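Below: the structure, in structure tokens.
The values are calculated or read from the model by the stated rules, or taken from the named source; none is laboratory data. Note that the coordinates shown come from a computational prediction; the quantities given were computed from them, not determined experimentally. Cβ coordinates were reconstructed from backbone atoms using ideal geometry, including for glycine residues, and neighbour counts include every protein chain displayed. These area figures cover heavy atoms from the full protein model, side chains too; ligands, DNA and RNA do not enter into them. Shrake-Rupley method; radii C 1.70, N 1.55, O 1.52, S 1.80 Å.
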Amino acid sequence: MIGKILCVDDDPITVMLCRKVINKAEFAKITDSANNGEEALQYFDALISCDRDTYPELILLDLNMPVMGGWEFLDNFSNGIYPTYFSNTKVIVLSSTIDPRDVEKTKNYPMVVEFLSKPITTNVLEQLKQLI
């Protein structure tokens, strides 16, 4: 079981569904959330400034969000101080469409381990246990 997951999505129904599926599959102990990439970066900044030793091992990331989308989050999260503190954090991109160009683009980010179509299911989480 994963210790902590961060779900980054602007749709509260998607976040609620993710939490329910993660709990049902007993996939993670804690599921935190952020409404967009900017909130997610603030979340990680707070972890750094508080010197917390528990941080998300996995990020479930939507691509299309207001304020800061998934691509901009990945650009920021893969640079600066974040790789130093969160080098073991993996990212799974969750999108409502699977555009082959988007799938290909994720290969530019070493922390991205999978590109999946929404919604997440217990079967998908069982398969992900092999990747994480």
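At least 3 residues that are farther than 16 Å from G3 by Cα, modelled with pLDDT under 95 and open to solvent by 20 Å² or more (accessible area, probe 1.4 Å) in each: list the strands (runs of 3 or more DSSP E) lying fully within segment 15-132 that qualify. The qualifying strands (runs of 3 or more DSSP E) are 112-117.
Taking segment 93-122 on its own, how many of its residues are more than 21 Å from V15 (Cβ to Cβ) and touching a helix residue (DSSP H, G or I) at 6+ places or on another chain (Cβ under 6 Å)? Here the count works out to 1.
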